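Q: Take this structure, written in structure tokens, and hold onto it; I'll ask about it next.
The values are calculated or read from the model by the stated rules, or taken from the named source; none is laboratory data. No experiment lies behind these values; they were computed from the predicted model shown. Here the Cβ positions follow ideal geometry from the backbone for every residue, glycine too, while neighbour counts run over all protein chains shown. Surface accessibility is based on the protein's heavy atoms, side chains included, excluding ligands, DNA and RNA. Shrake-Rupley method; radii C 1.70, N 1.55, O 1.52, S 1.80 Å.
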Amino acid sequence: IYETEVGPMNGAEVVARAWSDPDYREWLLEDGTAAIDELGYTGVQGVDIEVRENTPDTHNVIVCTLCSCYPWPVLGLPPTWYKSPAYRSRIVKRPRRTLRDEFDLDLEETVEIEVWDSSSEIRYMVLPQRPPGTEGMSESELKELVTRDSMIGVERLGETKEKMQT
């Protein structure tokens with residue numbers, strides 16, 4: 001079920017719709033839970049989801065410092081590194097360094113990094129920046145570009161990275 005029905009392909013559909021439909025994008029950022037629910041992606045781990053948008057000036061990343069709260073209906077199973085105490089502490093204490101050293105994501109010093117702490121009451125999802133040169137692509141084609149890690153905030157689409165070793 002988690003490989004074919006519940007997984008990051010659901011979140012990728014949400015992102016592709018937001019990139020393609022400005023009204024949906026606005027709704028998603030105002031009420032992520034309702035906008036995501038309209039596509040049928042809801043569940044116990046997705047009752048309250050807020051979506052944070054990456055921009056040229058702000059990069060968002062999610063974590064759960066207490067355990068591993070995660071929006072399963074849109075991102076599927078959490079990666080092992082997301083649940084690790086190492087990631088949970090380092091991304092909060094030194095987000096820029098952690099993104100650079102552990103995910104090969106070297107953000108410019110002018111980019112503000114905001115870390116969002118998921119909890120049992122609220123889960124977060126990142127709306128990644130739409131990659132340049134994708135303006136003519138269909139929603140279906142856009143969906144194929146989106147990764148789980150870009151919706152967590154440890155990857156910028158179109159850039160390379162290495163997974164954190166735990």
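Q: Write down the Å³ per residue value for the convex hull defined by the alpha carbon atoms of the stretch 84-148.
A: For the stretch 84-148, the hull spanned by Cα atoms encloses 136 Å³ per residue.
Q: Would you mind getting me the FRET efficiency between residue 47 and residue 80? Use the beta-carbon distance for r and R0 = 22 Å, nearest 0.05.
A: It comes out at approximately 0.35.
Q: Which of 80, 147, 33 moves the most in a Gaussian network model of the chain with Cα springs under 10 Å?
A: 80
Q: With a 1.4 Å probe and every protein chain kept in, tell me what percent of the accessible surface of the chain is carbon plus sulfur.
A: 47 percent
Q: Next question, about the same structure. 222 nm [θ] for the chain, helices only, -39500 (n - 2.57) per DSSP H run of 4+, per residue, to 500?
A: -10000 deg cm²/dmol
Q: Whose amide H sits under 5 Å from the amide H of residue 113, counting only residues 5 or more places off or on another chain, with H placed in the peptide plane?
A: Hits under the 5 Å cutoff: 59.
Q: Pull the list of the chain cysteines that no other Cys approaches to under 4.7 Å, Cβ to Cβ.
A: Cysteines of the chain left without a disulfide-compatible partner: 67.
Q: While we're on this one: Counting C-alpha atoms alone, how compact is the stretch 13-166: give Rg to one decimal and Dmax as a whole number, in angstrom.
A: Spelled out, the Cα radius of gyration and Dmax of the stretch 13-166 are 14.7, 42 Å.
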